2 protein chains.
Amino acid sequence: MHRKLNIEKVAEYAGVSTATVSRVLNNYPFVKDETRRKVLQVIRETNYQVNAVARNLRRKKTHSIGVIISNVLSSFYSVIAKAVEDAAIRNKFSTVLCNGGDSPEKELSYLKVLHENRVDGIILSPTGKNRDYLSFLISSGIPITLVDRTVKGLQCDTVLVNNREASREVVRYMLRQGYRNIGFIAGPQDRLTGIERLQGYYDAHENEGVPVHEGLVKMGDFLIESGKARAIELLENGRLDALYVSNSDMATGAYVAIKEKGLRIPEDIGFAMFDDPDWASLVTPGVSAVRQPVYTLGSTAADLLVKRIVDGSGAIDKEPVKIVLEARFIKRGSV
Amino acid sequence: MHRKLNIEKVAEYAGVSTATVSRVLNNYPFVKDETRRKVLQVIRETNYQVNAVARNLRRKKTHSIGVIISNVLSSFYSVIAKAVEDAAIRNKFSTVLCNGGDSPEKELSYLKVLHENRVDGIILSPTGKNRDYLSFLISSGIPITLVDRTVKGLQCDTVLVNNREASREVVRYMLRQGYRNIGFIAGPQDRLTGIERLQGYYDAHENEGVPVHEGLVKMGDFLIESGKARAIELLENGRLDALYVSNSDMATGAYVAIKEKGLRIPEDIGFAMFDDPDWASLVTPGVSAVRQPVYTLGSTAADLLVKRIVDGSGAIDKEPVKIVLEARFIKRGSV
DNA sequence: TTGAAAGCGCTAACAA
DNA sequence: TTGTTAGCGCTTTCAA
């Protein structure tokens, strides 16, 4: 049991100085081959792993990035988390994952933890609050990249999806197919995604000159149960000829409600959703859906952040970049 | 922009020594109230956050734990990840999440990264390989807790689910309901979970004295597509009167296959699965399913690990603990 | 109740 | 090509 195996011991065993061991560890080129071999052998024999804590202190870099998302259990954010981690590893960074649960207080407390741990940068799907602290972090040299949502007035790199346009396209398609009473289950209106997808629904109606009838829009919370409940309410509306749901979890609930009512898709009712979960293409007919480039969203954010970190362009030396990715409407048979 | 705000600056601003600032930071009781107030004010005004890297180096503790799971995208492992993170936060630990992708090489490389970063402990859903390195880590003082799977010959805390017994219970119930040709879609046979769930299927048949007919057992890979494909193969077997699928992803595919064939559950075919995803209780009739205590699996593992860390009982001073949690068979209407 | 100072393990400037 | 050494920011003895 080597309770304290450090660079000094390794140096001692190899009969060299700690500086030389350090050079070998960091692939510094001007080390005599024989010396290098000797050191590497000791490292191998002892299973020595450099102490990254000490190295990080000295280098003032941790080669780690923090990720704050609302919840890894969500099908959306788990993909973001995976994408970020993959990108991080590709660049030899490690990730610290935090589930902020859409709570501004948790968000703040995680931001502080990440700051304490001197992560080199942060990827955040923000609640929209804590602008001052975020801006303090940026000004003290920790770059931040926002994902999927924004913080009003915060200057930093951001990666978004064109929610509004994609949503508009779905509804326009449905209207042009002849549907006139399209029920919509919206998401929370305190979030960019919730707001924009609803906006797209209205845009399409306006563009096509079709009025939105009373009671066709229901507010949900992006969770599965609310999808089922709001769908049941809507299905009681005799006029309804189609249903468009603004995320996949609510769509799961809504789909079940339609099936339990014995309605056929698309004969009795048209159906479409924002998001494209596995089951959308597995059922018959397939459900027409908006596929967001979720993985790309995460990996783009990570690449942006890593570039800012390694360029040494820091948090503030370079203009903020805003990238909007295109979601794609996939027509299957449901509408 | 405070490029280098450290304890020294804070001490200077507050007119005290760094030692005193440190005492305040760590809630050391014997500091004069007035001094404490002065220091806290400077901290508040400057937004000072202690440098955890330096603190960790000095204390030789990082208050962080590493988590290696196969993939956060899986509905199973994302819950584990969330449970571990929740438990960690509760104990003021942070987590470093790694997706090992069931690859022994990635597993090893992540173990080394975590070692480098001097995490205080590791939670691992192991591939089964790398026993020597794992055992080296344990002997050098880094406790490891295994989750859901085991590594042959490795002495460490382990948290498992009684896969075999739970699986046996499902099949026994089906047999006693009168089903005689129960198709089974098994998981990979290189994993404890895959092996044990299949074993339970055989156990039940043996106990009930019912022979397993040729071709009723198909090998899948725990993924959605293989569930659909294997189900289609099985449904061609004219004798089949029920289908039992060994995890939820494959069950999703299998369920779709059944529906697309126009079969009714349970009139035309009985259906049950291991795992209990949201949709199992949303469809009609509900699908009878084995609910694993997934969250508990993760939180138990984390609690075990944290206890070993903070007890100072270390990695080897205390006998390894093995905990087997009970999965529960939930009868709905599908079988 | 407070301060001075050593030292955690490493890197990097400088000297040789 | 290698060694000596200062110092990263903190905690913690020891002394006052």
Quiz prompt | Output for region B:31-71, where each listed residue is in a helix (DSSP H, G or I) and near DNA strand D (Cβ under 8 Å from one of its atoms) | solution = B:A52, B:V53, B:A54, B:R55, B:L57, B:R58, B:R59
Quiz item: Do we have any residue at all in region A:250-257 that's hydroxyl-bearing (S, T, Y) and crowded, with 17+ Cβ neighbours inside 10 Å?
Solution: yes
Quiz item: For region B:72-92, how many residues meet the condition of being assigned to a loop (DSSP other than H, G, I, E, B) and either more than 23 Å from B:S248 (Cβ to Cβ) or at the interface with chain A (Cβ under 7 Å from one of its Cβ atoms) (or both)?
Solution: 4
Self-check item: Residue tally, condition among the charged types (D, E, K, R) and either surrounded by 23 or more Cβ atoms within 10 Å (Cβ to Cβ) or within 23 Å of the chain's Cα centre (by Cα) (or both), over region B:170-217
Solution: 4
Quiz item: Which residues, counting only those in region B:90-100, are farther than 11 Å from B:S299 by Cα and of a type outside the set (S, T, N, Q)?
Solution: B:K92, B:F93, B:V96, B:L97, B:C98, B:G100
Quiz item: So which of B:N56, B:N51, B:N27 is within 16 Å of DNA strand C (Cβ to nearest atom) and in contact (Cβ under 8 Å) with a residue 60 or more places away in the chain?
Solution: B:N56
Exercise. Would you be able to say whether some residue in region B:312-326 is under 22 Å from B:Y173 (Cβ atoms) and not acidic (D, E)?
Key: yes
Quiz item: If we scan region B:293-304, do we find a residue that is closer than 21 Å to A:D278 by Cβ, assigned to a helix (DSSP H, G or I) and either under 25 Å from the mean Cα position of the chain (by Cα) or not assigned by TED's automatic domain parsing to the domain that holds B:V217 (or both)?
Solution: yes
Practice problem: Please enumerate the residues belonging to region A:264-277 that are crowded, with 16+ Cβ neighbours inside 10 Å and either within 12 Å of chain B (Cβ to nearest Cβ) or in a loop (DSSP other than H, G, I, E, B) (or both). | Solution: A:I265, A:P266, A:I269, A:D275, A:D276, A:P277
Quiz item: So which residues in region B:86-111 are acidic (D, E) and either closer than 12 Å to B:S125 by Cβ or crowded, with 24+ Cβ neighbours inside 10 Å (or both), if there are any at all?
Solution: B:D102, B:E107
Exercise. Look at region B:93-132 and say how many of its residues are within 30 Å of B:R55 (Cβ to Cβ), assigned to a loop (DSSP other than H, G, I, E, B) and more than 9 Å from every other protein chain (Cβ to nearest Cβ).
Key: 4
Exercise. Kindly establish whether A:R55 is more than 11 Å from every other protein chain (Cβ to nearest Cβ) and surrounded by 14 or more Cβ atoms within 10 Å (Cβ to Cβ).
Key: no
Self-check item: Those residues of region B:6-30 which are surrounded by 17 or more Cβ atoms within 10 Å (Cβ to Cβ) and either of a type in the set (S, T, Y) or not in a helix (DSSP H, G or I) (or both), in sequence order
Solution: B:Y13, B:V16, B:T20, B:S22
Exercise. Please indicate, with yes or no, whether at least one residue in region B:29-47 is at the interface with chain A (Cβ under 9 Å from one of its Cβ atoms) and either among the hydrophobic types (A, V, I, L, M, F, W, C) or under 29 Å from A:S139 (Cα atoms) (or both).
Key: yes
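The values are calculated or read from the model by the stated rules, or taken from the named source; none is laboratory data. It should be emphasised that the depicted structure is a prediction, and the values quoted were computed from it without experimental measurement. With ideal geometry, Cβ positions are generated from the backbone for all residues, glycine too; neighbour counts draw on all protein chains shown.
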